Amino acid sequence: MTEVTRFPDPARGPGDQPLAWGGDLRPETLVDAYRNGIFPWPDARGELWWWSPDPRAVIPLDGLVVSRSLRRSLQRYGCTRDTAFDRVVAGCADRPGEGTWILPELQRSYSLLHAAGVTHSLEVWDGHGALVGGLFGAAVGGAFMGESMFSRARDASKVALVHLVSHLRARDFSLLDAQVPSPHLTSLGAVALSRAQFLTRLRAAREAAVRF
């Protein structure tokens, strides 16, 4: 059965341009987008664009690259889940001199989705109890749709990613979406799937009876 959605069919949209424009950032709109392989990416002026890129970056849950230096960093920091969600989102939005796509309206919706058990965070702490990095995203069945990460200390965001992958494997997730391919993601083991391949895997993963 075809899922009812307010968005255009991503399989028919351009791969290197936005799929749609406008609309709202209500929690239910975001869930609709994620379930269909679409994510919000407002520009610096606050214009709301929706994307479903082709190709799509995915981090295989059995293929994360952990360097020797990163292994040492894993011993240096502590990592928790869902203990400081709003602070992680705020950290991801705090990019002095760069601007951010994580608008206040988006932060509010992500917070509401967190309360509903849809969005989740991993927090990285140093030995003094300071939040030095983290990441967040949305769980859709057995797919985790990664949204953003931040780092205030060496390797802190990578430490969060290592813990995320370990947790997703333990919970029988099958898909970790990393959105747009980049050299940085490739260095961590990300692979580029065609959009058709990604959407096929997402449709299967989102129906899995697993919980974050």
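The values are calculated or read from the model by the stated rules, or taken from the named source; none is laboratory data. Quick caveat, the model's predicted, so the values are computed rather than measured. All Cβ positions, even for glycine, are placed from backbone atoms using ideal geometry, and neighbour counts span all protein chains on display.
Hey, among the residues in the stretch 155-183 that are under 20 Å from G37 (Cβ atoms) and of a type in the set (G, A, S), which one's surrounded by the most Cβ atoms within 10 Å (Cβ to Cβ)?
A178
Give D62, D16, D32, D24 a once-over and let me know the one that is part of a helix (DSSP H, G or I), within 20 Å of the chain's Cα centre (by Cα), charged (D, E, K, R) and surrounded by fewer than 18 Cβ atoms within 10 Å (Cβ to Cβ).
D32
Considering only residues that are assigned to a helix (DSSP H, G or I), under 18 Å from A139 (Cβ atoms), touching a residue at least 60 places away in the same chain (Cβ under 8 Å) and not aromatic (F, W, Y), which ones fall in the stretch 163-198?
Of everything in the stretch 163-198, those that are assigned to a helix (DSSP H, G or I), under 18 Å from A139 (Cβ atoms), touching a residue at least 60 places away in the same chain (Cβ under 8 Å) and not aromatic (F, W, Y) turn out to be H163, V165, H167, L168, R169.
Can you tell me which of L19, L61 is in the same structural domain as G189 (by TED's automatic domain parsing) and closer than 23 Å to F198 by Cβ?
On the way: L19 fails: in the same structural domain as G189 (by TED's automatic domain parsing).
None of the other options fit; the residue is L61.
Of G134, G129, which residue is in a strand (DSSP E or B) and not aliphatic (A, V, I, L, M)?
G134 is the lone residue from the list that is in a strand (DSSP E or B) and not aliphatic (A, V, I, L, M).
Which of the residues belonging to the stretch 187-212 are under 15 Å from I38 (Cα atoms) and among the basic types (K, R)?
Within the stretch 187-212, R195, R201, R203, R206 qualify.
Among what's in the stretch 83-126 and is over 28 Å from E47 (Cβ atoms) and assigned to a strand (DSSP E or B), pick the residue that is nearest to the chain's Cα centre (by Cα).
My answer is L122.
Residue by residue through the stretch 137-154, note down the ones that are assigned to a loop (DSSP other than H, G, I, E, B) and either crowded, with 24+ Cβ neighbours inside 10 Å or not charged (D, E, K, R) (or both).
G141, G142, A153
Of (1) of a type outside the set (A, V, I, L, M); (2) crowded, with 20+ Cβ neighbours inside 10 Å; (3) closer than 27 Å to L202 by Cβ, G117 satisfies all except one. Which?
(2)
When the stretch 122-136 is examined, which residues are found to be out of contact with any Lys or Arg (no Cβ under 7 Å at 6 or more places or on another chain) and touching a residue at least 40 places away in the same chain (Cβ under 8 Å)?
Hits for the stretch 122-136 are E123, V124, W125, D126, G127, G134, L135, F136.
Report whether or not D43 is over 19 Å from L185 (Cβ atoms), touching a Phe, Trp or Tyr at 6+ places or on another chain (Cβ under 9 Å), outside the structural domain of H163 (by TED's automatic domain parsing) and assigned to a helix (DSSP H, G or I). Show your work before the answer.
Values: over 19 Å from L185 (Cβ atoms): yes; touching a Phe, Trp or Tyr at 6+ places or on another chain (Cβ under 9 Å): yes; outside the structural domain of H163 (by TED's automatic domain parsing): yes; assigned to a helix (DSSP H, G or I): no.
No, not satisfied.
Restrict the check to the stretch 51-59 and report whether at least one residue is buried (at least 18 other Cβ atoms within 10 Å of the Cβ), part of a helix (DSSP H, G or I) and polar (S, T, N, Q). Even if it seems obvious, please write down each step before you answer.
Looking only at the stretch 51-59, we keep the residues that are buried (at least 18 other Cβ atoms within 10 Å of the Cβ), and these are 51-54, 56-59.
Right, trim to part of a helix (DSSP H, G or I) and you get none.
There is no residue in the stretch 51-59 that is buried (at least 18 other Cβ atoms within 10 Å of the Cβ), part of a helix (DSSP H, G or I) and polar (S, T, N, Q).
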